[in-house]
1. Hey, which of these cross-link pairs are over 19 Å Cα-Cα: K53/K78; K183/K222; K53/K429; K53/K92?
2. Determine how large the accessible area of C227 is when every protein chain is in place; take a 1.4 Å probe and give Å² rounded to the nearest 10.
3. Sequence neighbours fewer than 8 away in the same chain don't count; with that in mind, list the aspartates and glutamates whose C-alpha is under 17 Å from K89.
4. On a full-extension model of 0.36 nm per residue, what is the gain between A242 and Q113, subtracting their alpha-carbon distance, rounded to one decimal in nm?
5. Using a 1.4 Å probe on the protein heavy atoms only, what accessible surface does H137 show? Give it in Å² to the nearest 10.
6. Where a Cα-Cα gap under 21 Å defines reach, which lysines qualify for K380, not counting those fewer than 8 residues away within the same chain?
7. So for F221, F374, what's the accessible-area order with a 1.4 Å probe, most first?
8. Could you rank Y414, Y83 by how accessible they are, 1.4 Å probe, largest area first?
Amino acid sequence: MGRAGCCCRGAERLVSASLVRRFRPLLLLIIAVCCGAQLGQCQVATPHCHIQKCNTDFVSLTSHLSPAVDGIHTEFCKALRSYSACTQKTAKSCRGDLIFHAAMLGISDLMSQRNCSRDGPTSSTRPEVQHEPCNYHSRTQHAHTHSHTHAHGHVHTRPVYLFCGLFGDPHLRTFKDSFQTCKVQGAWPLIDNDYLSVQVTNVPVVPGSSATATNKITIIFKPYEGCTDQRVYQAVTDNLPAAFDDGTVSSGEPIHMSVGTKGATGKVRALWISERSPGHHVELHAGYIGVTVIVRQLGRYLTMAVRIPEELAQAYDSTQDLQLCLNGCPGGERIDKAGHLPLPLSPPPLGLQLRRPSYSSQTQASPYGAAQVFNVEGAKQRCREQLEVQDIYFHSCVFDLLTTGDANFTVAAYSAQKDMESLHPHQDKWRIYPRDSAHSTLHSDSQHIKQLAVLFLCFLSVAM
């Protein structure tokens, strides 16, 4: 039938034979799993070919395996046999499919390298998942599996999460990854839906400037039947408590969750508070709705970062449409100009800065409330000490130093960036660059480079 796919003739001349032999199993599986997922045009249209399901099941069965896991060899061989069996079932309908043939060759090579026998036990692609009503992930997986098993087979999908953050003068990153700098003086709702409300209060930073910063955050976890009663958390400057307003630190029955940076599994309450640094860093975890909130105090002001499932963020009515995380700041409250952040023309009046006693902390950039005079180059140099990439967090840092003279805003920008990286679900969207920045052009070009890289994997398949 000829060669299937979008690969060009003569591509085999791009690759040396020794390099191909050495990395062939890995390249084949990368092509099978990634190329088909990202570039559907790389293969002949075969509507009844289910190779993508085989690929997805194999990734699911092996994603948790590492050298530290006992019996990794046995488990990997079982996963390979399951992968092989799946491809054999769909072989007839996948005839002529590039991804299918790449997967077949990759399985054969990996079985030889790992000394896996063709006959033996296989991994179950239908693991029994304990249903926990107060665990959002368990609850959604159970509901999706139950509703789709008969119509589409046993399919697992992960919930879609959104991120929102607020820091500095203040700078807002919305659920849609729109980055804005706003005035919004007074009390404003960041989030207001059927499950969660987050409100911030902003006060002027220096007289004569429209910039404000957050000195109060109120978070309301609304009652959820069978899991938790309503809990209210409130933080203000110089009072970042490790408990809710009623003095409790948790609510609800214990549930299974992955906790810790290494994904260790343990039992926690449906709603609980973790104090990471007394007086400076608190995290609130609502496992029953899949929400994590990080609150920090840096200098005189507070920062906030939140991750929430998209379906819950959209659960609101017409009376709750004023949400900064959802729709951004009103036009009249914007300081930035369509993504461009104009720098202040003059430094802040130092004599008007409020001075308070200092305290020591590893994350504290300078004495509490002490103001300095920064010019543009000085502000950039100070921000480079902690922010290596000159993205929007770097430019926000420069803006804040020129506006306030308070070096604590450098640490606020750095911490906000780290909180974003820990909560934002899509790494390819982490970096945002100002519209007038050369990096913004380079970033858009990188998307084309990624697509060319995937196409190059298709070319390699011909050589193999």
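The values are calculated or read from the model by the stated rules, or taken from the named source; none is laboratory data. Predicted, not measured: the structure shown is a model, and the values here were computed from it. So basically every Cβ, Gly included, is an ideal-geometry build from the backbone, and we count neighbours across all protein chains shown. The protein model used for the area step is the full one, side chains on, heavy atoms only, and it has no ligands, DNA or RNA in it. Shrake-Rupley method; radii C 1.70, N 1.55, O 1.52, S 1.80 Å.
1. Values: K53/K78 17 Å; K183/K222 28 Å; K53/K429 27 Å; K53/K92 15 Å.
Where the Cα-Cα span goes over 19 Å, the pairs concerned are K183/K222; K53/K429.
2. 10 Å²
3. By straight Cα distance, K89 reaches D57, D97, D119.
4. 41.2 nm
5. H137 has an accessible surface of roughly 90 Å² with all protein chains in place.
6. In chain and number order, the partners are K337, K418.
7. Values: F221 0, F374 25 Å².
Heavy-atom accessible area, descending, gives F374, F221.
8. Details: Y414 80, Y83 5 Å².
The most accessible residue leads, giving Y414, Y83.
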